[in-house]
Each structure stands twice: as C-alpha cells, then as structure tokens.
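What follows is a single structure, written as structure tokens, with notes after it.
What follows is calculated from the coordinates using simple rules that are stated; it is not laboratory data. The model shown is predicted, which means the values in this text are computed figures rather than measured ones. Note: ideal-geometry Cβ built from the backbone for every residue, glycine included; neighbour counts use all protein chains shown.
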Amino acid sequence: MNKKRDRLQVIHDILKAIQDKNGKIKPTHILYKSNLSHQMMEEYLNELIEGGFVIENQTPSGKTYSLTEKGFDYLKQYKLITDFVESFGLS
Amino acid sequence: MANIYIIPQWFFGYTIFLGILFSIITLIVGIYALKIYKLSFQRQSKIFGIGFILISISYLIRTVLTIVLFSKIKTNVISLSTFNLWSIIGLYSHSILFIIGLLTIIYMTTGVKSLRLYSLFIILLIISLIFHPFRLEFFELLSSVLFLYIIYHYLKVYIKNRQIKNLTILIAFILLLLTHIDLIFSVTHGNYYVVADIISLVSYLIILINLILISRKK
C-alpha cells in the first residue's frame with residue numbers, strides 16, 4: 001500500500017470512527033480507532049477541521065468531534081476516491 | 001526551418017471533430033480530478049486536474065485555429081507559417097498550454113512541493129519554445145520527452161500494483177508518446193498527422209473508458 005493510499009485510509013478511519021460514535025467522539029477514542037501517534041492524530045484532526053470535514057465541539061466533559069456534510073460525503077465516496085487515485089497513479 | 005503541420009484537406013473535418021473530442025475528454029478527466037480533490041483535498045488530484053484542463057484548453061485552441069484556417073485556405077495543404085498574427089498567437093498558445101499541462105502532470109508525479117521550481121521550468125520551456133528556430137519539431141520533441149517522464153511514473157505504478165487499470169493508463173500514455181514522435185515528421189507528409197490523430201483517439205478513449213469504469217463502480 002502506498003503513502004497516499006495510507007493517508008486516504010487514515011482519514012477514512014478517523015471519519016468512520018466519528019460516524020460510528022454518532023458524532024460524539026472524544027480524542028482518545030479517535031486515537032484508539034485510528035492507530036496513530038498523538039501528534040499524528042492532532043495533525044490529521046487539524047487538517048480535517050481546516051478542510052471542513054470535522055467540527056470540534058467544546059463540552060463540559062472536554063472536546064468532542066462531529067462530522068460535517070463534507071465528512072459524510074468523504075465516507076460515501078471513499079471507494080470512488082481511492083479507485084480514481086489508484087487508477088490515475090495520483091499517489 | 002519548419003513551422004508547419006501538413007494536414008490533408010480531406011482530413012480537416014475529422015481533425016476538427018477529433019480536436020473537440022480530445023478537448024472534451026481531457027476536460028472531463030480534469031473536472032473529475034478536481035471533484036476528487038474537493039471530496040478528499042488530496043493535492044495530487046488537484047494538480048492532475050489542472051494539468052488536464054490546460055491540455056483541454058490547448059486542444060480547444062488547436063481546434064478553433066483549424067476551423068479558422070479551414071475557412072480561409074482552400075488548397076490541398078495548409079502552411080501555418082503564412083497565417084496572420086492571431087493564428088500565430090493561437091499556435092503558440094496551443095503549444096505552451098499543452099507543454100505546461102504535461103509539466104503540471106509531471107510535477108504531480110514527483111511529489112515535490114516547490115512552486116518556485118515549477119514556475120522556473122515553465123518559464124524556461126516557454127522561452128525555449130518561443131525562440132527555437134524549429135518551433136514545431138521542438139514542441140513535439142519536448143512533448144515526447146515530457147511524456148517519457150509521465151510514462152516512467154505510470155510504469156512504476158503498474159509494477160507496484162500490477163492492475164489492469166494501471167496498465168491501460170500506461171498504454172494510453174505510451175500511445176500519446178508515439179503520437180508526438182509521429183508528429184515530428186508531420187512537417188514532411190500529411191499522413192503522419194492523420195496517424196497521430198488516430199493514435200490520440202485510441203489513447204483518449206482508453207482514458208475515458210477507464211474513467212467511466214471508475215464512476216460506474218460508485
């Protein structure tokens with residue numbers, strides 16, 4: 001599996017973890033589900049927030065994350081994205 | 001010094017049609033790549049999309065130019081060196097956009113993130129294209145070299161994945177390379193131009209079919 005495929009897969013895993021928790025996932029759960037280092041997870045989450053895929057919510061019990069419409073779209077279209085990227089060697 | 005393509009008169013209608021077709025196919029691929037970028041913000045998809053859109057505009061300019069010339073010249077062959085200023089501008093625009101399009105695709109394949117380096121290559125290529133005495137042969141030779149680099153990338157992708165979809169894209173780019181090698185000789189005989197357009201048609205249809213197969217799996 002190549003580097004970009006990994007990146008797309010990691011993003012998929014993070015978004016899927018958030019979706020599976022009905023939009024109330026804590027960073028520790030994401031860390032567990034995505035199998036990343038804390039620093040890497042922070043980088044991915046920041047990237048996903050900046051890209052408009054994820055929203056960070058401040059609650060009394062700490063931070064939680066939820067998906068935006070764009071985040072749901074990514075999960076829906078994931079197969080299409082990876083097929084295109086693989087076919088046209090965009091990695 | 002050759003600044004002319006020789007196009008058989010009987011082929012004018014076909015080359016106009018094919019030019020439009022190439023422009024549409026490359027535009028579809030470019031837009032699709034940008035759609036993938038919008039979904040995934042994967043940088044490579046954006047660069048690839050921009051590259052194909054530039055190539056699409058390049059084909060569009062070539063087609064408009066051919067239509068204009070077709071309406072003006074009623075001889076067996078066309079000599080591009082006799083065209084007016086606008087035609088020359090059109091010809092340069094076609095060449096430059098095509099070369100930038102290919103360079104953009106190569107930029108995507110390298111994974112390098114340096115706009116300075118990318119712009120330097122573009123400027124150098126544009127200058128050499130404008131001032132080279134054998135403009136047409138040089139353009140085709142340059143395109144061939146750039147296609148070689150693209151093929152090298154797709155060969156690596158195929159060797160790594162061993163998938164039919166990667167092989168078809170590799171074949172498409174090899175055919176496009178052959179097209180531009182063939183076009184180097186189009187300054188001597190019109191048949192080379194005809195062969196080049198036919199090979200290009202096969203290449204772009206392969207790319208289109210690949211894209212259709214991807215989108216149908218959705």
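Observations, loosely collected:
- Per residue, chain B reaches -29000 deg cm²/dmol at 222 nm when only DSSP H runs of four or more residues are counted, each adding -39500 (n - 2.57).
- Cut-off 20 Å, label 7 Å out along Cα→Cβ of residue B:10, residues of the stretch B:196-218 by amide N: B:196-201
- Residue A:40 versus residue B:149: modelled label distance in nm, points set 7 Å from Cα along the beta carbon direction: 3.1
- Chain A, Rg to Rh (Cα coordinates; Rh as Kirkwood inverse mean 1/r): 0.98
- Using C-alpha pairs under 8 Å with a sequence gap of at least 6, the mean separation divided by the residue count of the stretch A:7-86 gives a relative contact order of 33 percent.
- Projected onto planes of every orientation and averaged, the convex hull of the alpha-carbon atoms in the protein assembly as shown covers 17.6 nm².
- Acute angle (nearest 10 degrees) that the helix B:43-72 long axis makes with the longest principal axis of chain B, alpha-carbon atoms: 20
- Pairs spanning more than 19 Å between alpha-carbon atoms, out of A:16/A:76; A:24/A:70; A:24/B:38; A:16/B:160: A:24/B:38; A:16/B:160.
- Cα long-axis angle, helix A:38-50 against chain A (0 to 90 degrees, to the nearest 10): 80
- Between the listed residues B:66, A:8, B:11, the Cα displaced farthest toward the positive end of the dipole of the protein assembly as shown, a dipole computed from Cβ unit charges relative to the Cα centre, is found at A:8.
- Among B:215, B:94, B:184 - extreme Cα towards positive end, dipole of the stretch B:83-218, charges at beta-carbon: B:215
- Percent RCO, i.e. relative contact order, over chain B, from Cα pairs under 8 Å lying at least 6 residues apart: 26
- Computed from Cα atoms, the angle from the helix B:135-161 axis to the main principal axis of chain B rounds to 20 degrees.
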